Every structure is written in C-alpha cells, then in structure tokens.
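J.: My structure is below; once you've seen it, I'll send some questions.
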C-alpha cells in the first residue's frame with residue numbers, strides 16, 4: 001500500500017489501483033471451509049456490535065466453518081447482548097449447542113471491543129456504528145486478528161487514514177480482511193461485472209446507480225430522550241442521524257452503489273467529483289441529509305451518477321445499476337442481471353442450482369482462505385470505495401467540484417478524539433453548501449460574505 005500521507009499523486013493512485021487485483025481475485029468461488037480445511041484448530045469468533053447486521057454476520061460466520069464457535073460478544077447494553085444471543089441461537093437451530101460458547105464473555109460499554117480482542121479470539125466481526133470502525137480495526141490488527149470489517153470503514157478522512165495504516169499492517173502480518181461490500185460476493189453481480197470488464201458493453205460511457213429506499217432509523221424526538229441521558233449516549237442510540245457516527249447516506253448506505261461504479265470503471269481515478277444533497281423532511285435534531293446526487297467524472301468525459309434517497313412509503317423505490325457502453329447496456333439489481341446490445345446475455349440459475357446468499361458467501365470464502373492460510377484481502381476496495389463516498393459527501397456539503405487529493409488533504413475530522421459516555425457533545429449544524437469549510441482538524445460552518 002502507498003503512504004496515505006504522501007504528497008505524491010502517483011503513490012496514492014498506486015494504492016487505489018491495486019484494487020483491480022483484489023477485484024479479479026474475488027471471482028474465484030470457494031466452498032464452505034469444511035470441504036477443504038487444512039488446519040484443524042477451532043476458530044474462536046468475537047462479535048463487536050450486536051445490531052441486526054452484527055447478529056447476521058455472527059450467524060453466517062458460524063455456518064461458514066464446521067470447526068468454529070462464537071466465543072465472545074460486545075455491545076453497549078447488556079439487554080441487547082442477551083436478546084441478540086437468543087436470536088443468533090434461534091437462527092442456528094440445532095447447531096447452536098456447538099456453535100455458541102460465550103460463557104461469561106459478554107462485554108458491555110465503549111471499551112467492550114478491547115475486552116473481546118483480549119478474550120482469545122482468532123477472528124473478529126466489527127459491526128458497530130462506523131464512526132468506531134477505525135480504532136477498533138486498528139486494535140484488532142495490532143492484536144493479530146483476522147477481521148470482518150462492515151462497511152463503511154470510516155466516517156471521515158482522519159479515520160480513513162487510520163484504516164489505511166492498519167490495512168498495511170494487516171498485509172504485513174498476513175491477516176485476512178473481509179469487507180462488508182456484499183455485492184462483490186453476489187453471484188449474478190460477479191457474472192455481470194465480469195462481462196462488463198471483458199468488454200461486453202464496449203467502452204463504458206456512463207453509469208446511473210439508484211438507491212431509493214425507505215427511511216432507516218429515523219431520529220427520535222427530544223421528548224423521547226430519557227432524563228439524564230448524556231449527549232454522547234443519545235447520539236450513539238440514534239447513530240444513523242449523526243455524520244460522525246454513520247457518515248450520512250452516501251457513505252453509510254449508498255456506498256454500495258459507489259463501490260459498484262468503481263468496480264465497473266476498473267478502479268480508475270476520477271478527475272473530479274461534484275453533486276448536491278439536502279434534507280426535505282425535518283428529522284428533529286440531526287445533521288444528515290435524506291437525499292444525495294453525486295457525479296463522478298472520469299477521463300474521457302465519462303460521467304457516473306449515484307442517486308440516493310430515504311423517504312417514507314409512497315415515493316418510488318429502486319436499487320439498481322445501469323451501465324451504458326458503446327456496444328450495449330448492462331443492468332443489475334438484486335433479482336436480475338442482463339446485457340442488451342451487441343452481446344445480449346441474461347443471468348439464469350441452472351435448474352439444479354439455488355441462489356446463494358451473498359452475506360453467507362462472503363463468510364464462506366473468508367473462512368476458507370483462513371483455513372488454507374491464503375490471505376483474504378478486501379482492504380483495497382474497502383478503502384477506495386469508502387474514500388469516494390467521503391469525497392461525494394464533501395462535494396455535496398460544500399457545493400464544490402473536488403478532487404481526491406483535495407479531500408485527502410482536507411484535514412476532515414468528525415469523530416471526537418475522546419468519546420466520553422457522559423460528556424456534552426454539541427451537534428454540528430446541518431451542512432449548507434457554500435457555508436461548510438474544512439480547516440485542519442474538523443469541519444466548520446461559515447456565513448458567506
């Protein structure tokens with residue numbers, strides 16, 4: 001990996017461009033690890049963050065390997081730990097008796113992740129709100145653990161630089177890194193993007209990615225805040241609505257669409273990023289948008305657009321990708337994949353096949369590589385895609401046309417240096433284009449002259 005602090009454009013581009021090799025490697029399909037295990041050691045799994053995605057990841061990890069167990073868990077609240085352990089056990093069914101061996105290794109609090117790391121686990125699943133991801137990934141790599149890192153991997157540039165450095169250490173130590181960019185493990189996405197990269201639609205001229213969905217985790221009114229609850233705890237409980245914790249919609253959710261754009265564009269560096277966003281529906285006291293439109297401009301005038309919104313039921317919903325080339329068009333969504341034009345094609349399962357769950361597939365391949373002592377290396381694309389989610393967000397917040405270098409050198413830092421459970425923590429105002437600037441070490445709002 002290149003030096004994230006280097007001022008050499010070539011070194012930074014070198015880091016990003018190596019993602020092409022990782023993307024190509026992702027096309028290789030592995031069966032569950034029990035079919036090819038070379039190491040009979042029982043793998044102990046630690047789970048940090050026991051929301052829906054974390055609990056799902058724990059179940060999928062347990063099912064990916066015949067000789068593994070959930071060994072330690074962590075969350076902020078003991079009732080969540082107990083409830084989700086019951087849910088994981090129920091999802092595992094008859095296998096729960098041999099797959100869950102947590103005992104008293106149930107940790108709570110902001111430092112609970114460190115206790116999981118110190119509990120003797122081999123593999124850790126990092127599934128907390130993403131603002132915590134850099135420090136947790138850093139600590140896990142320092143401890144020599146294989147890591148599942150849910151997307152996005154950071155909510156600001158300062159955090160992403162920590163991820164880059166920790167990723168370099170993971171590579172040096174031979175540690176496997178699985179990223180939560182699950183579409184990379186979707187079978188019909190792999191088939192479609194392989195054809196696009198092989199030239200089935202000719203030269204890509206434009207991409208339109210949509211992510212129009214329902215509201216996720218709406219902000220609670222202040223009246224719902226329990227008496228005496230600190231600002232920090234209140235914001236963490238409503239993490240999706242604060243940019244330092246969740247990253248905002250283009251980074252937290254539509255990052256999947258950003259990832260697929262760069263997959264189709266062969267990991268090229270865009271020449272500029274620009275766009276807009278805002279909030280149409282009030283959401284009590286928060287600082288996140290409910291819609292973004294971001295344009296990634298590539299060499300040769302190729303423009304790729306990512307549209308994201310979260311509205312309540314009623315407006316049209318869609319999560320799809322339209323890749324337009326000189327020889328045809330490729331279309332992808334969770335149900336179908338097809339190409340029209342000179343090289344028509346449509347994804348179909350054989351009659352004797354069942355569609356695989358992409359969340360399960362990613363863990364199957366991750367554990368298979370650990371067993372084979374073959375490093376699983378997703379860090380290239382998890383850094384690149386998160387970075388360009390951050391670039392798109394900054395372009396919308398500032399109303400400026402930006403480059404990768406400008407954002408990397410912006411000094412953006414949203415996550416507090418010290419996260420105190422009992423502290424006062426003012427909410428940064430809702431970003432207004434033309435009034436947001438990024439001095440070293442933070443983000444500020446200034447009134448235009």
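J.: Quick one: if you stick a label point 7 Å off each Cα along the C-beta vector at residue 338 and residue 66, how many nm between them?
T.: Modelled inter-label distance: 4.1 nm.
J.: To the nearest 500 deg cm²/dmol, what mean residue ellipticity at 222 nm is calculated for the chain from DSSP H runs of n ≥ 4 alone, each contributing -39,500 (n - 2.57), summed and divided by the residues?
T.: -10000 deg cm²/dmol
J.: Sticking with this one: Can you compute the modelled spin-label distance between residue 313 and residue 217, with each label point 7 Å from Cα toward Cβ, in nm?
T.: In this crude label model, residue 313 to residue 217 measures out at 2.3 nm.
J.: Let me ask something else about it. For residue 40 and residue 94, calculate 0.36 nm times their separation in residues minus their Cα-Cα distance, and state this gained length in nm to one decimal.
T.: Going from the current span to full extension adds 17.2 nm.
J.: Please work out how much length the chain gains when fully extended from residue 172 to residue 79, using 0.36 nm per residue of separation minus the C-alpha to C-alpha distance, in nm with one decimal.
T.: Going from the current span to full extension adds 29.6 nm.
J.: Residues in segment 105-124, backbone N under 17 Å from the label point at residue 422 (7 Å along the Cα-to-beta-carbon vector): list them, ranges by number please.
T.: Those under the cut-off are 109-111.
J.: Sort 162, 375 by Cβ crowding within 10 Å, fewest neighbours at the top.
T.: Fewest-to-most Cβ neighbours within 10 Å comes out as 375, 162.
J.: Have a look at 176, 410, 230 and tell me which one the Gaussian network model of the chain (Cα, springs below 10 Å) gives the largest fluctuation.
T.: Maximum fluctuation in the GNM of the chain, among the listed residues, is at 230.
J.: Here's something else I'd like to know. By how many nm would the segment from residue 279 to residue 230 lengthen if fully extended, with 0.36 nm per residue of separation less the alpha-carbon distance? Can you show the working numbers first?
T.: Details: separation 49, 0.36 × 49 = 17.64 nm, distance 2.59 nm.
Between residue 279 and residue 230, full extension yields an extra 15.1 nm.
J.: Can I ask one more? In percent, what relative contact order does the chain have, based on Cα pairs under 8 Å that are 6 or more apart in sequence?
T.: 20
J.: Which residue fluctuates most in the GNM of the chain (Cα springs below 10 Å): 284, 293, 305?
T.: Looking only at 284, 293, 305, the largest GNM fluctuation is found for 284.
J.: Tell me, what is the FRET efficiency for residue 345 and residue 375 to the nearest 0.05, using R0 = 30 angstrom and their Cβ-Cβ distance as r?
T.: The computed FRET efficiency comes out at 0.35.
J.: Here is a follow-up. Taking the DSSP beta bridges in the chain as the whole, what percent of them are antiparallel, to the nearest 5?
T.: That works out to approximately 55 percent antiparallel.
J.: May I ask you to sort 404, 113, 316 by Cβ crowding, counting other Cβ atoms within 10 Å and putting the fewest first?
T.: So the ranking, lowest neighbour count to highest, is 316, 404, 113.
J.: In addition: How do 342, 44 rank when sorted from fewest to most other Cβ atoms within 10 Å of their own Cβ?
T.: By the 10 Å Cβ count, ascending, the order reads 342, 44.
J.: Further question: Would you look at the GNM of the chain, springs on alpha carbons closer than 10 Å, and say which of 389, 159, 51 moves the most?
T.: The residue with the greatest mean-square fluctuation here is 51.
J.: Also: Of the listed values [x] 0.96; [y] 1.05; [z] 1.63, identify the label whose number matches Cα Rg over 2.2 N^0.38 Å calculated from this model.
T.: Computed from these coordinates, Cα Rg over 2.2 N^0.38 Å corresponds to label [x].
Every number here is computed from the coordinates shown, using simple stated rules; none is lab data. Model, not experiment: these values are computed from the prediction. Cβ sites come from the backbone with ideal geometry, for glycine too, and all protein chains shown count toward neighbours.
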